[in-house]
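*Asks:* One structure coming up, written as structure tokens, with questions to follow.
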Amino acid sequence: MATVLRSLTYRGIPVWRHVKVIQWAIQIVSGIAVVALVVWFFSNIGNAIQERDIPYGFGFLDREYQTPIGQHFLPYESSDTFLYAFVVAFTNTLIVSVVGVVLATGLGILIGVARMSSNWIVSKVSLAYIEFFRNVPLLVQLFFWFYIVLALPPVREGYVVADRLYVNNSGLTIPGVSASSLAAALAWLGLATIAVVAAVVTYRWLAGREIRTGAASYPLLVGCATAVVIGLIGWVAVGAVSGGAPFTPSIPEPEGAFGRISGGFTVAGGLVALLAGLVMYTAAFIAEIVRAGIQSVGRGQSEAARALGLSGMGVLRHVTFPQALRVIVPPLISQYLNLTKNSSLAGAIGYSDLTNIAKTMTQTAPAVSIFLLIMVIYLALSLTYSLIGNLYNRAIRF
Amino acid sequence: MAAKFETDFGQVLPPPRSQQGVTGWVRANLLSTWYNGVLTVMSAAVLGAALWVGVRWLIFDSDWTVIGTLGGQLVIGQYNIESACPGQNCFWRPQVSLLLVTALLGMAWRVAGGGLTKRIAIGVAVAVSAFALLPYSMERMGMDVRLLLLANLLVLGVGWAIGRYTPLGTARWATVSAVGVFVVIVLLLRGVPGIPGLEPVSVIYWGGLMLNLLLAVAGITLSLPIGVALALGRRSRLPVVKVLCITFIEIFRGVPLITLLLMSQVLVPLAFPEDFPQNSLFRAAVVITLFSSAYMAENIRGGLQALDPGQAEAARALGLPGWQTMFLISLPQAIRNVIPAIVGQFISLFKDTSLVYIIGVLDVVEFGRAFIQGNTEYLASAKELYIFLALVFWVFTYGMSYVSRRIEQHLGVGER
């Protein structure tokens, strides 16, 4: 007995009360429990799939989807495959996400700055905006905007702004560009990318020289000029080779007996409502983030900068804003993510985003595989945003 | 001469006229610089125009009959329709649930000793009983319904008296009663087989604001402890626990709630035998709670990270064991520091309860939308309906953020 007890003690502590033993026991037990739960869950699903003859696997991806998609930004026909339909759906979500993020950031910064204005009316109006829009469910706001879009007059009696903007119950038509040929368009877009990269390189080099030598080098001006010059040369060159400008402007014009609009770029009603709702909702959160960020920079910072002789704009650009950014960026990234995830509400107002199309797909294809796919896609999207955000965050840290 | 100087310096002169009263306020807040003046004129013009249009619409063009037509259905959804509870009137069950909540509020008023709780309790009871005076006909809204609504005032007093004259009037017993009341309400609404008058009502008929509130209360109560556990797990030194918690948090934060809800309806039933009793609403409640606790965990982790490590070190130096250090020293301070974020998450959970439309139950938003879709003569009233729904949600969410600010003031956050 005594030997057994001695072998079960460590420096006088019984084994079952030893910290290391308890820790490892907790880890092993919780690990086994979770693994068992996951295995149980998926093996049950696997059994159910076999017993109830539920289709499974990813073979469906090569089949034809055979269902129309409302608005799509990539060319799409009903005879395209499921795989391609996924790509189209993902593009739809991505475009809402990117456009929404840009617009919401602009509006959010505007309202956040207005909230801090010393002007009483401006400050109170933006407070009212923030308190209202972030406290009402996004779904209610989306339904409201969708109703407003549906209640607009039909195409023939729609509103026309300066012969360029057409607003009616089928959506919003704005001037766009149309590519003369795919090869020429891609060639010029490639050159444009090179132009931007060259501009950034030039800017960095000149800015570095300015800091090193103190001689005025105009990095912003020269950088922009580089981009414009390379872009223009590319435009002319591509035009000379392909016999016409790579892009031509496309102005919407009413046409025909029913006043149908030809040309331009039409944003469907569902997408207009979705963007309006998402942008106004997210902007309210971004405004609070911007305000908190700017207020987090101590007053002494801007006072000291003023005392050193910086102008009002210079204080903002070189002292307040860089410090505020460090506080602003992490929550801002999570708002961008929220906007992207919230775009999955699009189905409720008839825009075909990833979740909505996946939901429709489950009627003709294995639901298990589809859900696994969209889960992976959303997780990948989230991680990409986080990665970009973290890289940027690292770049602006001191 | 010296005496005169003394009086001059000793006198406290009022600030100049231009810096006080209405003139001073206008100068400081509206006309401090020339561009501020321009901004004032422009924003006042825009605001005035917007108000003019809005008020004109409100008085002359708006038509709120759709709210009156929906009436109590906005609160209970389809709970009282014939196929939900055949051959009987089930309206009393949500109403008794409401009475239980009011009694609880009365008890909380007594336990908290007045102040904000008192105002909330009285406000809720008065507002609810005021619905008894709605100008509906007696066929539409019976005397029994009205009396049960008015009874809220009485029950508030009963709850207060329970707190005052029985040994139940302590914070601990009030918490126990709150949990008990929630269980009783769920049983009451769900029904108990075999008891006459309490025939089961399938959860697919639960709906209206009642459903949003039930989901929100269940989610809020459970997501905080689960979130604390996940946050502690993520900060744990045990690698297995840490990896499990991180995986859970990142999966639930990376996928939209609506996708998770859809999956819970399609995938989860497959994992159970076909004859296993399935409850779509329960699954939705679990998903909403887990989704919210993943976000909660990150908020609490933020609070823990911001805490001065000296706090925990001092506690350990005083001889407190690890778990006491965590639960008596670190966590209370961490949670206190992130109250705004936690309440923000509660608000977001309450707003997210409107997403249950995806599983086919009619919460207050979906009920209104489905009604408009089914009765096209009300199509033009959709904007009034959505504005009304927005205001209903706003009252609750703004109330929550107001209470959180008061709690923060009470705890002196940012003052110590």
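The values are calculated or read from the model by the stated rules, or taken from the named source; none is laboratory data. What you see is a predicted model; the values in this text were computed from it and never measured. FYI the Cβ positions are ideal-geometry reconstructions off the backbone, even for glycines, and counts take in every protein chain you see. Surface accessibility is based on the protein's heavy atoms, side chains included, excluding ligands, DNA and RNA. Shrake-Rupley method; radii C 1.70, N 1.55, O 1.52, S 1.80 Å.
*Asks:* Of (1) closer than 30 Å to A:Leu274 by Cβ; (2) open to solvent by less than 80 Å² (accessible area, probe 1.4 Å); (3) hydroxyl-bearing (Ser, Thr, Tyr), A:Tyr159 satisfies all except one. Which?
*Replies:* That leaves (2) as the condition not met.
*Asks:* Can you work out which of the residues in the stretch B:78-122 that are over 19 Å from the mean Cα position of the chain (by Cα) and open to solvent by less than 40 Å² (accessible area, probe 1.4 Å) is nearest to B:Tyr357 (Cα to Cα)?
*Replies:* B:Tyr79
*Asks:* Can you name the residue in the stretch B:6-58 that is aromatic (Phe, Trp, Tyr) and open to solvent by 80 Å² or more (accessible area, probe 1.4 Å) and, of all such residues, is nearest to B:Lys383 (Cα to Cα)?
*Replies:* B:Trp52
*Asks:* Residue by residue through the stretch A:280-296, note down the ones that are open to solvent by 20 Å² or more (accessible area, probe 1.4 Å) and closer than 18 Å to A:Val113 by Cβ.
*Replies:* Once the filter is applied, which keeps residues that are open to solvent by 20 Å² or more (accessible area, probe 1.4 Å) and closer than 18 Å to A:Val113 by Cβ, the stretch A:280-296 yields A:Met280, A:Phe285, A:Glu288, A:Ile289, A:Arg291, A:Ala292, A:Ile294, A:Gln295, A:Ser296.
*Asks:* Is it fair to say B:Gly194 is away from chain A (no Cβ under 14 Å) and assigned to a loop (DSSP other than H, G, I, E, B)?
*Replies:* Taking the combined requirement at face value, the residue satisfies it.
*Asks:* Does B:Gly302 satisfy being of a type outside the set (A, V, I, L, M) and under 28 Å from the mean Cα position of the chain (by Cα)?
*Replies:* yes
*Asks:* Within the group B:Ile335, B:Ile372, which residue is closer than 30 Å to B:Trp57 by Cβ and among the β-branched types (Val, Ile, Thr)?
*Replies:* So the residue among B:Ile335, B:Ile372 that is closer than 30 Å to B:Trp57 by Cβ and among the β-branched types (Val, Ile, Thr) is B:Ile372.
*Asks:* Whether any residue in the stretch A:220-235 is at positive phi and open to solvent by less than 70 Å² (accessible area, probe 1.4 Å) is what I want to check.
*Replies:* No; the residues of the stretch A:220-235 include none that is at positive phi and open to solvent by less than 70 Å² (accessible area, probe 1.4 Å).
*Asks:* Is there any pair linking a residue in the stretch A:203-217 that is assigned by TED's automatic domain parsing to the domain that holds A:Val228 to one that is in a helix (DSSP H, G or I), with Cβ under 6 Å and at least six apart or on different chains, and which?
*Replies:* These pairs meet every condition: A:Tyr203/A:Pro219; A:Tyr203/A:Gly223; A:Leu206/A:Pro219; A:Leu206/A:Val222; A:Ala207/A:Pro219; A:Ser217/A:Leu206; A:Ser217/A:Arg209; A:Ser217/A:Glu210.
*Asks:* Those residues that are part of a helix (DSSP H, G or I), closer than 17 Å to B:Thr117 by Cα and touching a residue at least 12 places away in the same chain (Cβ under 8 Å), I need them from the stretch B:168-182; list them, please.
*Replies:* Within the stretch B:168-182, B:Ala171, B:Ala174, B:Ser177, B:Ala178 meet the criteria.
*Asks:* Exactly one of (1) within 20 Å of A:Ser343 (Cβ to Cβ); (2) open to solvent by less than 10 Å² (accessible area, probe 1.4 Å) is unmet by B:Ala231. Its number?
*Replies:* Evaluating B:Ala231 over (1) within 20 Å of A:Ser343 (Cβ to Cβ); (2) open to solvent by less than 10 Å² (accessible area, probe 1.4 Å) leaves (1) as the failure.
*Asks:* Does the stretch A:373-398 hold any residues that are over 19 Å from the mean Cα position of the chain (by Cα) and at pLDDT below 85, and which are they?
*Replies:* Matches in the stretch A:373-398: A:Arg394, A:Ala395, A:Ile396, A:Arg397, A:Phe398.
*Asks:* Another one. Quick check on A:Val177: is it surrounded by 15 or more Cβ atoms within 10 Å (Cβ to Cβ) and not in a helix (DSSP H, G or I)?
*Replies:* no
*Asks:* Any residue in the stretch B:228-253 that's away from every other protein chain (no Cβ under 11 Å) and in a helix (DSSP H, G or I): show its pairings with residues that are basic (Lys, Arg) and surrounded by fewer than 17 Cβ atoms within 10 Å (Cβ to Cβ) at Cβ separation under 9 Å, as long as the two are six or more apart or on different chains.
*Replies:* Going by the 9 Å Cβ cut-off, the qualifying pairs are B:Arg234/B:Lys242; B:Arg235/B:Lys242.
*Asks:* Taking the stretch A:180-210 as the search range and keeping residues that are closer than 20 Å to A:Phe73 by Cα and hydroxyl-bearing (Ser, Thr, Tyr), which one is most open to solvent (accessible area, probe 1.4 Å)?
*Replies:* A:Ser180
*Asks:* Moving to a separate point now. Only residues that are surrounded by 15 or more Cβ atoms within 10 Å (Cβ to Cβ) and not in a helix (DSSP H, G or I): list them for the stretch B:281-325, please.
*Replies:* B:Leu307, B:Leu320
*Asks:* Just wondering, is there one or more residues in the stretch A:57-77 that are within 14 Å of chain B (Cβ to nearest Cβ) and exposed (fewer than 14 other Cβ atoms within 10 Å of the Cβ)?
*Replies:* Scanning the stretch A:57-77, I find no residue that is within 14 Å of chain B (Cβ to nearest Cβ) and exposed (fewer than 14 other Cβ atoms within 10 Å of the Cβ), so the answer is no.
*Asks:* Residues of the stretch B:197-223 being outside any loop (DSSP other than H, G, I, E, B), of a type outside the set (A, V, I, L, M) and crowded, with 21+ Cβ neighbours inside 10 Å, which ones?
*Replies:* Listed by number, the residues that qualify are B:Gly207, B:Gly208, B:Asn212, B:Gly219, B:Ser223.
*Asks:* Name every residue in the stretch A:344-380 that is hydroxyl-bearing (Ser, Thr, Tyr) and either facing chain B (nearest Cβ under 8 Å) or over 24 Å from A:Leu142 (Cβ atoms) (or both), in order of residue number.
*Replies:* Within the stretch A:344-380, A:Ser344, A:Thr355, A:Thr362, A:Thr364, A:Ser369, A:Tyr378 qualify.
*Asks:* Another question, if that's okay. Do you know which residues across the stretch A:129-156 are surrounded by fewer than 18 Cβ atoms within 10 Å (Cβ to Cβ), of a type outside the set (D, E, K, R) and assigned by TED's automatic domain parsing to the domain that holds A:Gly347?
*Replies:* Answer for the stretch A:129-156, where residues must be surrounded by fewer than 18 Cβ atoms within 10 Å (Cβ to Cβ), of a type outside the set (D, E, K, R) and assigned by TED's automatic domain parsing to the domain that holds A:Gly347: just A:Phe132.
*Asks:* Given the conditions (1) under 17 Å from B:Ala271 (Cβ atoms); (2) in contact with a helix residue (DSSP H, G or I) (Cβ under 8 Å, 6 or more places away or on another chain), which single one is not true for A:Gly57?
*Replies:* Going through the list (1) under 17 Å from B:Ala271 (Cβ atoms); (2) in contact with a helix residue (DSSP H, G or I) (Cβ under 8 Å, 6 or more places away or on another chain), A:Gly57 breaks only (1).
*Asks:* Okay, next question. Just checking, which of B:Leu257, B:Leu261, B:Leu267 is aliphatic (A, V, I, L, M), over 22 Å from the mean Cα position of the chain (by Cα) and either surrounded by 15 or more Cβ atoms within 10 Å (Cβ to Cβ) or not assigned by TED's automatic domain parsing to the domain that holds B:Val361 (or both)?
*Replies:* After applying the criteria, what remains is B:Leu267.
*Asks:* Among the residues that make up the stretch A:45-56, is at least one of them facing another protein chain (nearest Cβ under 10 Å) and assigned to a loop (DSSP other than H, G, I, E, B)?
*Replies:* Among the residues of the stretch A:45-56, at least one is facing another protein chain (nearest Cβ under 10 Å) and assigned to a loop (DSSP other than H, G, I, E, B), which makes the answer yes.
*Asks:* Is it true that A:Leu107 is assigned by TED's automatic domain parsing to the domain that holds A:Leu345 and either in a helix (DSSP H, G or I) or open to solvent by 20 Å² or more (accessible area, probe 1.4 Å) (or both)?
*Replies:* Spelling it out, A:Leu107 is indeed assigned by TED's automatic domain parsing to the domain that holds A:Leu345 and either in a helix (DSSP H, G or I) or open to solvent by 20 Å² or more (accessible area, probe 1.4 Å) (or both).
*Asks:* Mind listing whichever residues of the stretch A:381-397 are open to solvent by less than 100 Å² (accessible area, probe 1.4 Å), among the β-branched types (Val, Ile, Thr) and more than 12 Å from every other protein chain (Cβ to nearest Cβ)?
*Replies:* A:Ile396 - this is the single residue of the stretch A:381-397 that is open to solvent by less than 100 Å² (accessible area, probe 1.4 Å), among the β-branched types (Val, Ile, Thr) and more than 12 Å from every other protein chain (Cβ to nearest Cβ).
*Asks:* Among the helices (runs of 4 or more DSSP H) contained in the stretch B:1-110, which hold 2 or more residues that are aromatic (Phe, Trp, Tyr) and away from chain A (no Cβ under 14 Å)?
*Replies:* Result: B:2-10.
*Asks:* Name every residue in the stretch B:136-161 that is open to solvent by 60 Å² or more (accessible area, probe 1.4 Å) and in a helix (DSSP H, G or I), in order of residue number.
*Replies:* B:Met143, B:Asp144, B:Leu147, B:Leu150, B:Leu153, B:Leu154, B:Val158, B:Trp160 - these are the residues of the stretch B:136-161 that are open to solvent by 60 Å² or more (accessible area, probe 1.4 Å) and in a helix (DSSP H, G or I).
*Asks:* Also: From the list B:Leu224, B:Leu270, B:Leu209, exactly one residue is within 13 Å of another protein chain (Cβ to nearest Cβ) and either in contact (Cβ under 8 Å) with a residue 60 or more places away in the chain or under 28 Å from A:Thr384 (Cβ atoms) (or both). Which is it?
*Replies:* Unique residue meeting the criteria: B:Leu209.
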